[in-house]
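Scroll down for the structure; my scribbles are underneath it.
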Amino acid sequence: MPRYYEDKEEDGRACSGVREDLRQCLLESPCVLQENKSPKQCLREGHCRSLQVTFFACKRSMLDTRARFRGRKGY
């Protein structure tokens, strides 16, 4: 679920929207808040899996030559 902010400054990097949502999902997960684990450990355990797959697809589409015609995946 994307989160759009009107007053937020633009990040020039690719897949920045998905990156920000993945970061927020990990920081707000019970794994980080209650179990005091690092976000990297929680990501390895499978938390926020759908955003991780979306972020991977977005980064992968940057290398795909067909993306010139189809556009990047993600949001």
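The values are calculated or read from the model by the stated rules, or taken from the named source; none is laboratory data. The shown structure was predicted, so the numbers you read here are calculated from the model rather than taken from an experiment. All Cβ positions, even for glycine, are placed from backbone atoms using ideal geometry, and neighbour counts span all protein chains on display. Only protein heavy atoms, including side chains, enter the accessible area calculation; ligands, DNA and RNA are left aside. Shrake-Rupley method; radii C 1.70, N 1.55, O 1.52, S 1.80 Å.
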message: Quick test of your reading of the structure: residue 72 fulfils all but one of (1) at pLDDT 90 or above; (2) part of a loop (DSSP other than H, G, I, E, B). Name the failing condition by number.
response: (1)
- prompt: Counting only residues that are open to solvent by 30 Å² or more (accessible area, probe 1.4 Å), assigned to a helix (DSSP H, G or I) and in contact with a Lys or Arg (Cβ under 8 Å, 6 or more places away or on another chain), how many does the stretch 11-44 have?
  reply: 4
- line: Only unsatisfied item for residue 47, checking (1) at pLDDT below 90; (2) in a loop (DSSP other than H, G, I, E, B), is (1)
query: Within the stretch 53-69, can you find the residues that are modelled with pLDDT of 85 or more and open to solvent by less than 100 Å² (accessible area, probe 1.4 Å)?
result: 53, 54, 55, 57, 58, 59
